[in-house]
Amino acid sequence: MLLDNALAFSTDQNLSGTGAVNSENFPLDTGVVDPDLGKGGEIGVMLVVKTAFAGGTDLNFVVYPGASAADAILISSPQFLQAVLVKGFTYFFPLPEGCSRYLGVTYNRTGTFSDGVVDCYLTVKQ
(Lines give C-alpha, C1' and ligand atoms only; values in the text may rest on other atoms or scores of the structure.)
Protein backbone atom coordinates (compact mmCIF):
# COMPACT_ATOMS: atom_id res chain seq x y z
CA MET A 1 0.00 0.00 0.00
CA LEU A 2 1.24 3.49 -0.85
CA LEU A 3 0.81 6.11 1.85
CA ASP A 4 1.14 9.87 1.75
CA ASN A 5 3.20 11.12 4.71
CA ALA A 6 1.03 14.24 4.78
CA LEU A 7 -1.84 11.99 5.94
CA ALA A 8 0.10 10.31 8.76
CA PHE A 9 -0.66 11.05 12.38
CA SER A 10 2.19 8.73 13.49
CA THR A 11 4.98 6.92 11.66
CA ASP A 12 6.89 4.37 13.73
CA GLN A 13 5.85 6.19 16.91
CA ASN A 14 7.05 4.43 20.05
CA LEU A 15 4.31 4.39 22.68
CA SER A 16 6.41 3.15 25.60
CA GLY A 17 5.36 4.79 28.85
CA THR A 18 2.07 5.57 30.53
CA GLY A 19 -0.77 8.08 30.29
CA ALA A 20 -1.92 10.13 27.32
CA VAL A 21 0.40 11.12 24.48
CA ASN A 22 -0.37 12.97 21.25
CA SER A 23 0.53 11.63 17.84
CA GLU A 24 3.73 12.97 16.26
CA ASN A 25 1.75 14.98 13.73
CA PHE A 26 -0.76 16.76 16.00
CA PRO A 27 -2.80 18.28 14.60
CA LEU A 28 -2.85 16.91 11.10
CA ASP A 29 -3.79 19.64 8.61
CA THR A 30 -5.75 18.18 5.70
CA GLY A 31 -5.15 21.43 3.83
CA VAL A 32 -8.78 21.58 2.74
CA VAL A 33 -11.06 24.29 4.09
CA ASP A 34 -14.42 22.81 5.14
CA PRO A 35 -13.52 19.30 3.89
CA ASP A 36 -16.30 17.19 5.50
CA LEU A 37 -13.99 14.18 5.29
CA GLY A 38 -16.51 11.76 6.78
CA LYS A 39 -19.13 12.23 4.09
CA GLY A 40 -19.82 8.85 2.50
CA GLY A 41 -18.01 6.90 5.24
CA GLU A 42 -15.08 5.88 3.04
CA ILE A 43 -12.30 7.86 4.77
CA GLY A 44 -11.17 6.89 8.23
CA VAL A 45 -8.34 6.44 10.68
CA MET A 46 -6.17 3.31 10.55
CA LEU A 47 -3.98 2.17 13.44
CA VAL A 48 -1.29 -0.42 12.67
CA VAL A 49 0.90 -2.03 15.32
CA LYS A 50 4.46 -2.27 14.01
CA THR A 51 6.09 -3.66 17.18
CA ALA A 52 4.10 -5.67 19.73
CA PHE A 53 3.14 -3.93 22.96
CA ALA A 54 4.58 -5.22 26.22
CA GLY A 55 4.06 -4.44 29.88
CA GLY A 56 0.99 -2.20 29.96
CA THR A 57 -2.67 -3.03 30.44
CA ASP A 58 -4.54 -1.48 27.49
CA LEU A 59 -4.59 1.29 24.90
CA ASN A 60 -7.21 3.31 23.14
CA PHE A 61 -6.95 6.25 20.79
CA VAL A 62 -9.19 9.21 20.22
CA VAL A 63 -9.55 11.63 17.32
CA TYR A 64 -10.18 15.32 17.95
CA PRO A 65 -11.89 17.57 15.36
CA GLY A 66 -9.54 20.49 15.80
CA ALA A 67 -6.09 21.77 16.51
CA SER A 68 -6.12 20.96 20.23
CA ALA A 69 -6.66 17.98 22.51
CA ALA A 70 -8.93 20.33 24.48
CA ASP A 71 -11.52 20.03 21.70
CA ALA A 72 -14.42 17.61 22.10
CA ILE A 73 -13.68 13.99 21.12
CA LEU A 74 -14.83 13.21 17.58
CA ILE A 75 -14.40 9.42 17.76
CA SER A 76 -12.87 6.99 20.23
CA SER A 77 -11.62 3.46 19.69
CA PRO A 78 -12.40 0.59 22.05
CA GLN A 79 -9.91 -0.25 24.80
CA PHE A 80 -7.46 -2.74 23.29
CA LEU A 81 -5.90 -5.13 25.81
CA GLN A 82 -2.12 -5.47 25.62
CA ALA A 83 -2.49 -9.12 24.54
CA VAL A 84 -4.16 -8.14 21.22
CA LEU A 85 -1.64 -5.39 20.41
CA VAL A 86 0.68 -7.69 18.50
CA LYS A 87 2.69 -6.88 15.39
CA GLY A 88 0.29 -6.61 12.45
CA PHE A 89 -2.81 -5.74 14.49
CA THR A 90 -4.90 -3.16 12.62
CA TYR A 91 -7.98 -1.17 13.47
CA PHE A 92 -9.95 1.09 11.12
CA PHE A 93 -12.89 3.29 11.88
CA PRO A 94 -14.62 5.69 9.52
CA LEU A 95 -14.75 9.39 10.23
CA PRO A 96 -18.24 10.73 10.87
CA GLU A 97 -19.67 13.45 8.66
CA GLY A 98 -18.75 17.02 9.46
CA CYS A 99 -15.01 16.59 10.06
CA SER A 100 -12.92 19.71 10.15
CA ARG A 101 -9.71 20.68 8.38
CA TYR A 102 -7.60 19.81 11.44
CA LEU A 103 -7.61 16.41 13.14
CA GLY A 104 -5.61 15.21 16.11
CA VAL A 105 -4.98 11.76 17.60
CA THR A 106 -4.18 11.06 21.24
CA TYR A 107 -3.15 7.62 22.52
CA ASN A 108 -4.36 6.76 26.04
CA ARG A 109 -2.13 4.19 27.71
CA THR A 110 -3.21 2.36 30.86
CA GLY A 111 -0.36 0.81 32.79
CA THR A 112 3.25 1.30 31.75
CA PHE A 113 4.22 -0.09 28.37
CA SER A 114 7.86 -1.08 27.91
CA ASP A 115 7.42 -1.43 24.14
CA GLY A 116 4.90 -0.76 21.39
CA VAL A 117 5.28 1.03 18.04
CA VAL A 118 2.45 2.20 15.78
CA ASP A 119 1.59 3.86 12.51
CA CYS A 120 -1.65 5.82 12.37
CA TYR A 121 -2.98 7.58 9.28
CA LEU A 122 -5.97 8.73 7.26
CA THR A 123 -6.91 6.28 4.54
CA VAL A 124 -9.73 5.10 2.33
CA LYS A 125 -11.66 2.07 3.58
CA GLN A 126 -10.11 -1.07 2.11
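The values are calculated or read from the model by the stated rules, or taken from the named source; none is laboratory data. As the structure is a computational prediction, the values presented were derived from the model and not from experiment. As a convention, Cβ positions derive from the backbone with ideal geometry for all residues, glycine included, and neighbour counts pool all protein chains shown.
I'm trying to understand the selection: among the residues of the range 72-95, which are surrounded by 16 or more Cβ atoms within 10 Å (Cβ to Cβ) and either on the phi > 0 side of the Ramachandran plot or touching a Leu at 6+ places or on another chain (Cβ under 8 Å) (or both)? LEU74, ILE75, SER77, PHE80, GLN82, LEU85, TYR91, LEU95 - these are the residues of the range 72-95 that are surrounded by 16 or more Cβ atoms within 10 Å (Cβ to Cβ) and either on the phi > 0 side of the Ramachandran plot or touching a Leu at 6+ places or on another chain (Cβ under 8 Å) (or both). Quick one: is PHE53 in contact with a helix residue (DSSP H, G or I) (Cβ under 7 Å, 6 or more places away or on another chain), buried (at least 16 other Cβ atoms within 10 Å of the Cβ), outside any loop (DSSP other than H, G, I, E, B) and touching a residue at least 12 places away in the same chain (Cβ under 8 Å)? Yes; evaluated as a whole, the condition is true for this residue. Residues in the range 69-104 that are touching a residue at least 24 places away in the same chain (Cβ under 8 Å) and over 17 Å from LYS50 (Cα atoms): 18 in all.
Listed here are the residues, each with its yes/no results for (1) more than 14 Å from LEU95 (Cβ to Cβ); (2) loosely packed, with under 15 Cβ neighbours inside 10 Å; (3) at pLDDT 95 or above; (4) among the basic types (Lys, Arg).
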{"residue": "LEU15", "(1), (2), (3), (4)": "yes, no, yes, no"}
{"residue": "GLY19", "(1), (2), (3), (4)": "yes, yes, yes, no"}
{"residue": "ASP29", "(1), (2), (3), (4)": "yes, yes, no, no"}
{"residue": "GLY38", "(1), (2), (3), (4)": "no, no, no, no"}
{"residue": "GLY41", "(1), (2), (3), (4)": "no, yes, no, no"}
{"residue": "LEU47", "(1), (2), (3), (4)": "no, no, yes, no"}
{"residue": "ALA70", "(1), (2), (3), (4)": "yes, yes, no, no"}
